Structures are given as structure tokens and as C-alpha cells.
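The values are calculated or read from the model by the stated rules, or taken from the named source; none is laboratory data. From a predicted model like this one, the values you see are computed outputs, not experimental measurements. The area values use the complete protein model at the heavy-atom level, side chains included, leaving out ligands, DNA and RNA. Shrake-Rupley method; radii C 1.70, N 1.55, O 1.52, S 1.80 Å.
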Amino acid sequence: MSISHTPFLELALIDAANAELSVMRSFCHAHFPCDVSTTVAMRMSRSIVTSIYRIAGEKADGQYIVSNETLLFLSDASSQAEHLSKQFEVRLSDLVDNELAWQVWTS
């Protein structure tokens, strides 16, 4: 099997990562609720971004399945997801009466 860098695949991966990062950014705003539903959604978005990066970093026939530029972009997106995740965790830990959401976050 030979790998050719498919621009449509790469654009789809970039768009998906950007969309999830946008969602994660909104969850970090103080005006957005910090509850169980938001916590589940935040974890899902983080998983999607990191999974996209892991998949893109796989090799087939000795080549990455995406271009180096896309791999670098997705690496940065994964780092951003981790940073946003930490921001959300701070928000969550500030809530005294949100034990269930904290359990969801740490499980």
C-alpha cells in the first residue's frame, strides 16, 4: 500500500481538531456552566483532538499518513487541548458543590 498525502483528509483532520478546540475554549469561559454535561463534553473533545494527533502520527510503508506540516499542526492542537484541559480542571476544582462533575473528570 502506498501513501499519498490526501489534502482532503488532512483538511478534514485540521477542521475537526479546530472545531473541538473551539468547543474546549468555550467551556473554559466563566459564563459557561461547569457541570457534569460540560465535563463529559470537555473530556470527549480532548479525546478527539489527541486521538486525531495519534492517528496522524502513525506510519504506513515508512511514511506518515499526513504531511509534516499537518503533523506539526496536529501536535500543536494536542498541546492546546492539554492546556485547555488544565484550565477547565482549575474551573472545576473551584466549584465546591460539584462533586459529581469532579468524579466524571477524574475517572
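Values as computed for the structure displayed
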quantity: Per residue solvent-accessible surface (Å²) - the chain, probe of 1.4 Å; calculated: 61 Å²
quantity: Compactness index (Cα Rg / 2.2 N^0.38 Å), the chain; calculated: 1.24
quantity: Spherically averaged projected area of the stretch 34-83 from its Cα convex hull (nm²); calculated: 3.5 nm²
quantity: Accessible-area composition of the stretch 1-105, carbon plus sulfur, in percent [1.4 Å probe]; calculated: 58 percent
quantity: HN-Hα J in Hz across the stretch 22-29 - Karplus 6.51, -1.76, 1.60, θ = phi - 60°, x for Gly and Pro; calculated: 4, 4, 4, 4, 5, 5, 8, 6
quantity: 3J(HN,Hα) from dihedral phi, the stretch 66-83, Karplus parametrisation 6.51/-1.76/1.60, rounded to Hz, x for glycine, proline; calculated: 10, 5, 4, 4, 5, 4, 5, 4, 5, 5, 5, 4, 5, 5, 4, 4, 5, 4
quantity: Helical mean residue ellipticity (222 nm; -39500 (n - 2.57) per DSSP H run of 4+; nearest 500) of the chain; calculated: -24500 deg cm²/dmol
quantity: Length-normalised contact order of the chain in % [C-alpha pairs under 8 Å, at least 6 apart]; calculated: 37 percent
